Number of protein chains: 2
Amino acid sequence: MISLSTPPRSAFSDGVQRDIDKIVETTVYLYTESRRLTKEVARARNLTGPQLTVVKMLQHLGDLSLSELSERIRAGNSTVSGIIDRMEREELVRRVRSKEDRRVVHIKLTEKGRSLAASVPIAPMEIFQAAIASLEAEEMATVLRILLKLAGRIDELVQASNTPQSEP
Amino acid sequence: MISLSTPPRSAFSDGVQRDIDKIVETTVYLYTESRRLTKEVARARNLTGPQLTVVKMLQHLGDLSLSELSERIRAGNSTVSGIIDRMEREELVRRVRSKEDRRVVHIKLTEKGRSLAASVPIAPMEIFQAAIASLEAEEMATVLRILLKLAGRIDELVQASNTPQSEP
DNA sequence: ATCACTTACTTCGTATACGAAGTATTATTC
DNA sequence: GAATAATACTTCGTATACGAAGTAAGTGAT
């Protein structure tokens, strides 16, 4: 999974730049480690990461349309369509056309899918959540505030960089 | 890009759970937004995200072996080998076998690759870095401390969950 | 030197992942 | 109510992404 910075031609002191790099690195780590975890848990059940995510999602939320599923796992319809293809092949889910709106496809867990879901004690993402939960209340509030500030700042910078230059 | 939690059968108060979800969400956002940005910038140059990352990496660091490149962009050798295949096809880079160690392949920017790199004003990841740099010194220190704590906690939890149970 | 081992990389098979284009169905507009 | 637009999904082409297996080239131990 690709990510990552080219090193900085820094305008900051070495110490600050090191902190910045460390924050980037840790954020990436938290994200990738969560995915790695999902994958590892999935592997033990002969599933892929996304497939496990889908199974747990359906277990918790009940049947979902393909679009709803796409939205929840933040992937495009075409991606999820493929995932469901393979899950149907493994008889983990079934596609059922909606009667109200015949464009819609509901994804339903099969018995096999349901028992598989039951065999996974916690959703992998819950490890991340548990870690966060172990923070002091104040730390949690602080980190949330700063992360949101970061996200907001990035939005601004993106806005800004969307207007100006263009090169050869 | 898949991610994401199934909803919590929460052991926490609603407020705390909402904070936890928000932190997860924001972390994922920061990561995925960075990737989206890379992709967007790359697209304008007829490159893919990873290809742009490679180009800027080589520009800043000079020639790298394929393994060094893999490590830097946190991807496996086989993945990077494919990326380099396509970049070679586009004449952005060349493979040059090392003379000291004939197993090693050095990846070198071509002229085309170099001028393309020059046409990208800032590495996309630098937007993330710029956002972080805009934090107060104290906030930066705090968020770093807490993120590291989180990362450490996750490591512990992973250790713990790697020893015990196993199900049908 | 020789054999086992490791390392650096490639190749292959499969699974995401996305966007563009296509199909079917529903909603809207006139 | 027929033409048009929008929606839900699928299909296709291409690019990651990974692990397993393969190849070639160093390293070690004896």
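The values are calculated or read from the model by the stated rules, or taken from the named source; none is laboratory data. These numbers come from a predicted model, not from an experiment. Reconstructed Cβ throughout: ideal geometry from the backbone, glycine too, with neighbour counts over all protein chains shown. These area figures cover heavy atoms from the full protein model, side chains too; ligands, DNA and RNA do not enter into them. Shrake-Rupley method; radii C 1.70, N 1.55, O 1.52, S 1.80 Å.
Residue under question is A:Gly113, and the condition is that it be under 28 Å from B:Asp21 (Cα atoms) and more than 8 Å from DNA strand C (Cβ to nearest atom); does it hold? Yes; evaluated as a whole, the condition is true for this residue. Return the residues of segment B:80-101 that are within 10 Å of DNA strand D (Cβ to nearest atom) and open to solvent by less than 70 Å² (accessible area, probe 1.4 Å); say none if nothing qualifies. Once the filter is applied, which keeps residues that are within 10 Å of DNA strand D (Cβ to nearest atom) and open to solvent by less than 70 Å² (accessible area, probe 1.4 Å), segment B:80-101 yields B:Val80, B:Ser81, B:Gly82, B:Ile83, B:Ile84, B:Met87, B:Ser98, B:Asp101. Only residues that are closer than 23 Å to B:Leu66 by Cα and open to solvent by 20 Å² or more (accessible area, probe 1.4 Å) were counted in segment B:102-132, giving 13.
Within segment B:47-70, being open to solvent by 20 Å² or more (accessible area, probe 1.4 Å) and away from DNA strand D (no atom under 11 Å from the Cβ) holds for B:Gln59, B:His60, B:Leu61, B:Gly62, B:Asp63, B:Leu66, B:Ser67, B:Glu68. Note on segment A:102-113: among residues that are without any contact (Cβ under 8 Å) to a residue 40 or more places away in the chain and within 14 Å of chain B (Cβ to nearest Cβ), the one that is farthest from DNA strand D (Cβ to nearest atom) is A:Glu111. Against the definition (farther than 22 Å from A:Arg35 by Cα, assigned by TED's automatic domain parsing to the domain that holds A:Val41 and of a type outside the set (Gly, Ala, Ser)), how does A:Thr110 come out, yes or no? So A:Thr110 fits the description; yes.
The condition of being in a loop (DSSP other than H, G, I, E, B) and without any contact (Cβ under 8 Å) to a residue 24 or more places away in the chain holds for only one of B:Leu144, B:Leu157, B:Leu148, B:Leu135, that being B:Leu135.
Yes/no matrix, rows are residues, columns are (1) under 21 Å from A:Met125 (Cα atoms); (2) within 11 Å of DNA strand C (Cβ to nearest atom); (3) not in a helix (DSSP H, G or I):
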residue: A:Thr53; (1), (2), (3): yes, yes, no
residue: A:Gln59; (1), (2), (3): yes, no, no
residue: A:Ser67; (1), (2), (3): no, no, no
residue: A:Ala75; (1), (2), (3): yes, yes, yes
residue: A:Val80; (1), (2), (3): yes, yes, no
residue: A:Arg86; (1), (2), (3): no, yes, no
residue: A:Glu91; (1), (2), (3): no, no, yes
residue: A:Val96; (1), (2), (3): no, no, yes
residue: A:Lys99; (1), (2), (3): no, yes, yes
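Pairing each residue of segment A:62-88 that is under 15 Å from A:Gly49 (Cβ atoms) with any residue that is near DNA strand C (Cβ under 7 Å from one of its atoms) and assigned to a loop (DSSP other than H, G, I, E, B), provided the two are 6+ apart or on different chains, yields C-beta distances under 6 Å for A:Ile73/B:Ile2; A:Ala75/B:Ile2.
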